[in-house]
Amino acid sequence: MQICLDRLTGITKVDHNTGLVTVRGGTTLAQLNTLLAAEGLAQENLGDIDKQTISGAISTGTHGTGAKFGGLATQVRQLTLITADGVQLRCSATEHPDIYAAACIGLGALGVISEVTFQCVPSFSLHAQETRAPLDAVLDGLDAMVAENDHVDVHWFPHSDGAQIKCNNRISDDEARDRLPRWRYLLDDELMSNGLFEAVNRLGWLLPSLVPSINRISARTVAARDFTDHSYAVFTSPRRVRFKESEYAIPRESVVPVLRELRSWIDDHDERICFPVQIRVAAADDIWLSTAYQRETGYIAVHHYFKIDHRRYFAAFESIVGEHQGRPHWGKLHTLEADQLCLLYPRFDHFRQIRDRLDPGRTFDNAYLRSVLGSP
Ligand SMILES: Cc1cc2nc3c(=O)[nH]c(=O)nc-3n(C[C@H](O)[C@H](O)[C@H](O)COP(=O)(O)OP(=O)(O)OC[C@H]3O[C@@H](n4cnc5c(N)ncnc54)[C@H](O)[C@@H]3O)c2cc1C
């Protein structure tokens, strides 16, 4: 049985003094961004898209990028859960703090999130600078780049030396004067990043031997851009090309070695990969099942066009990040099970105890939860 919260949406409370905003569980990030903008507020950080519900996004540990910023769940200050026995349970740092630490990234295992209170910030804009550079130069300068910019996002084109670098820095709305003209947005974000990218992936799927050349051209022709816009308009963008993805969180210092190992594996095998490898960072946090739990984190994500068998590439990736205490994104493809995950999360058993307390009859059980949390 699947519960649809599509009609449980909207803001129920805004406190302009504290920036605390309470939102119904089925609200999508896109809806929330628009509602917050009307209040002069914003979410501190966001991931790449805004289609998810706030509950789905936080429950799976959705994150953006930025060494000083945590994932979306770190913005949560209070949650209301409908538990298996039908009780409405509110939790926060002061009210059922153990449930709060578990439920901020709860995988849907603890109850239905009906309401979330987020710590928001005054609305702001981002100055986006997008360039390209050789991967080795990016890796050599990664620490400095991450320290000097608020939000760094790197996309490396496999089979090539080229990478796209996106550095977004926070500015006030008043300073944001260089919006992209509509035609440029349509050209870059719709035509190039979606329409043309779909065509490129289809071509690579039909003629894999062309992929290295395609990627080298893509890496050379990636658009250099410099613009400003509302934070949510820069953080998120439309994604219409279907793909499969695996993403792992690793200690920040492992990012460069993991990428070098991944590049060697790709060079040594006849796997053809059209999709760029994405590199992001996040601050450590204290949420029990957060992929950034108590460690400064780097995220590496690998993708394949949805028509391509991903198993060999993703297995190789998993074995590389496995050597670096990699924690898989809860909402993306991975093969780790409870006995491996419990070694990666110091509070894993505490999470399972909370689950036993809140859902002893396993009302919220499913195949995925049996695999990652163990059965019964
Ligand atoms: C194109 C694309 C881009 C993405 N970019 C990023 C990114 O930049 N960063 C990132 O970290 N992730 C990213 N993701 C992953 C994404 O953020 C989420 O992990 C995933 O999509 C979950 O959100 P959803 O609304 O689709 O949730 P659903 O699929 O509806 O839910 C996911 C899970 O959350 C739980 N859940 C949902 N609603 C509730 C509720 N009300 N109460 C309790 N539990 C609930 C359930 O366990 C459910 O199985 C991306 C995904 C896609 C498809």
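Only the coordinates and a few stated rules stand behind these numbers; no lab work does. Model, not experiment: these values are computed from the prediction. Because the Cβ atoms are built from the backbone with ideal geometry, glycine has one as well, and the counts that use them run over all protein chains shown.
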Peptide ranges 2-12, 247-257 listed from the most packed, as the mean C-beta count within 10 angstrom indicates:
247-257, 2-12
Spin-label point model (7 Å from Cα, Cβ direction): what's the PHE243 to HIS16 distance in nm?
4.1
Which whole-Hz ³J(HN,Hα) couplings does the range 91-105 yield from phi under the Karplus relation 6.51 cos²θ - 1.76 cosθ + 1.60, θ = phi - 60°, glycine and proline marked x?
9, 7, 4, 10, 10, 6, x, 5, 5, 4, 5, 7, 7, 4, 10
So what's the net charge close to GLU296: Lys and Arg +1, Asp and Glu -1, counting the other residues with Cβ under 9 Å from its Cβ?
+1
For ASP229, the residues 5 or more places away or on another chain with a placed amide H closer than 5 Å to its own amide H are LEU126, ALA128
Log10 I(q)/I(0) at q = 0.10, 0.13 Å⁻¹ for the chain, from Debye over equal alpha-carbon scatterers, is -0.65, -1.11
Once phi is turned into θ = phi - 60°, what whole-Hz ³J(HN,Hα) does the Karplus curve with 6.51, -1.76 and 1.60 give for every residue of the range 301-306, x standing for Gly and Pro?
10, 10, 9, 9, 3, 5
With N set to the number of residues, divide the alpha-carbon radius of gyration of the range 237-367 by 2.2 N^0.38 Å and report two decimals.
1.15
Given the peptides 280-292, 309-321, 362-374, arrange them by the average over their residues of other C-beta atoms within 10 Å, most packed first.
280-292, 309-321, 362-374
Run through the DSSP bridge list for the range 203-336 and note the antiparallel percent, rounded to the nearest 5.
95
Can you give me the Rg/Rh ratio for the range 299-339, using Cα atoms for both radii and the Kirkwood formula for Rh?
0.94
Which pairs in the list LYS51/LYS307; LYS51/LYS332; LYS166/LYS332 are over 19 Å apart, alpha-carbon to alpha-carbon?
LYS51/LYS307; LYS166/LYS332
To the nearest 500 deg cm²/dmol, what mean residue ellipticity at 222 nm is calculated for the chain from DSSP H runs of n ≥ 4 alone, each contributing -39,500 (n - 2.57), summed and divided by the residues?
-8500 deg cm²/dmol
Based on the Cβ-Cβ distance of SER264 and ARG357, what FRET efficiency does E = 1/(1 + (r/R0)^6) give at R0 = 56 Å, to the nearest 0.05?
0.75
How high is the relative contact order of the range 132-246, in percent, counting Cα pairs under 8 Å that sit 6 or more residues apart?
31
Roughly how far apart, in whole Å, are the Cα centres of the range 216-271 and the range 96-150?
16
Rounded to a whole number of µm²/s, how large is the Stokes-Einstein D of the range 91-196 at 10 °C and 1.306 mPa s, given Rh as the Kirkwood radius over C-alpha pairs?
89
Restricting to Cα pairs below 8 Å that are 6+ residues apart, what does the relative contact order work out to for the chain? Please round to a whole percent.
19
Taking the Cα centre of the chain as origin, work out the dipole magnitude from +1 charges on Lys and Arg Cβ and -1 charges on Asp and Glu Cβ, in debye rounded to 20.
880
Leaving out same-chain residues fewer than 8 places away, which aspartates and glutamates sit with a Cα under 15 Å from that of LYS13?
GLU39, GLU115
Multiplying the sequence separation of ALA147 and ARG182 by 0.36 nm and subtracting their Cα-Cα distance, what value in nm do you get?
9.4 nm
